[in-house]
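The values are calculated or read from the model by the stated rules, or taken from the named source; none is laboratory data. All of these numbers come straight from a predicted model, not from anything done at the bench. Heads up, the Cβs are rebuilt from the backbone with ideal geometry, glycines too, and the neighbour counts pull from every protein chain shown.
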Amino acid sequence: MIGLPLSTLQARSLPAQPAGVFPVDRARGLALPALAAFLTLGPVFLQAPLVRLAPMAAAACTVPLLLIALALAFHRDSARHPLGMLLVGFAGSWLGGSLYWGWFREFPVWHLPIEGFALALGLGGLQTRWRLGAWFYLASLLGTAVTDGLIAVTGLMPLWPPVVQAAPEAAAALLQQAAQTLLHPLPLVAMGLASWWILQLARLLWQGDQAKRVAAAALACTLLVDGVFFGAALLAPHLSGLI
């Protein structure tokens, strides 16, 4: 030990660290899932009011969003490619939401078909360089499908058209009535089972690569979106119009 240089002694005294576990690596690995979570929650507070006030402007926002996404996806700095690909998937979700809530929101039967207009592209993109955006779009669409399914199973679907057609005060009263209906045993069980299934699927996806982690974050955040909407409808229905 006496003849060994100090650097060797220091190296021996430090525990071995497996590759990829340093804080910087962890932060980089969580950056895109965190952004996916934000892009799932953001439209609740940004897109919904914009669609109500100016649906054409909301839909038109897809163009600059897609241009930015493509510019990043094909940027000479390859580190920016994943961000661009994620934004491509987000642009698809944004456009579908703008089209439905801008012009067809009185017709719940058209919700999933319009939101899922890019379903074929999403499925096809799973095996391409665009898989990160495809996973985000498909996870967002699946979260929407589960929410719509719960609305149908709990018997709230007939309230959908009257709520979106009513004046703000009447819509708030209808939303509060719907939220109170969900406080009964069977709806609570249905919501609990759906939440458990989504969390299990998100947990499974989280064990995959970066694209699947993005999907897990987006899917899990649909629960938070539904929870925010449910809480607002129950406790402050006059604010539900903002989301």
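Helices (runs of 4 or more DSSP H) fully within segment 160-243 that include at least 2 residues being surrounded by 15 or more Cβ atoms within 10 Å (Cβ to Cβ) and aromatic (Phe, Trp, Tyr): 210-235.
Of everything listed in (1) part of a helix (DSSP H, G or I); (2) closer than 26 Å to Glu106 by Cα; (3) touching a residue at least 12 places away in the same chain (Cβ under 8 Å), the single unmet condition for Leu132 is (2).
Give the number of residues within segment 117-139 that are within 16 Å of the chain's Cα centre (by Cα) and of a type in the set (A, V, I, L, M). Within segment 117-139, residues that are within 16 Å of the chain's Cα centre (by Cα) and of a type in the set (A, V, I, L, M) number 6. Quick check on Trp110: is it more than 18 Å from Thr147 (Cβ to Cβ), of a type in the set (Phe, Trp, Tyr) and assigned to a helix (DSSP H, G or I)? Answer is no for this residue.
Of all the residues that make up segment 184-204, how many are touching a residue at least 40 places away in the same chain (Cβ under 8 Å) and basic (Lys, Arg)? Summing the residues that are touching a residue at least 40 places away in the same chain (Cβ under 8 Å) and basic (Lys, Arg) in segment 184-204 gives 0.
Contact map, segment 109-121: residues that are free of Cβ contacts under 8 Å to residues at least 24 places away in the same chain paired with residues that are among the hydroxyl-bearing types (Ser, Thr, Tyr) and part of a helix (DSSP H, G or I), Cβ distance under 8 Å, separation 6+ or inter-chain. Pairs shown: Trp110/Tyr100; Ile114/Tyr100.
Only one of the numbered conditions (1) modelled with pLDDT under 95; (2) under 22 Å from Ala220 (Cβ atoms); (3) among the aromatic types (Phe, Trp, Tyr) is violated by Trp101, and that is (2).
Taken over segment 119-140, the criterion of being aliphatic (A, V, I, L, M) and surrounded by fewer than 21 Cβ atoms within 10 Å (Cβ to Cβ) is satisfied by Leu119, Ala120, Leu121, Leu123, Leu126.
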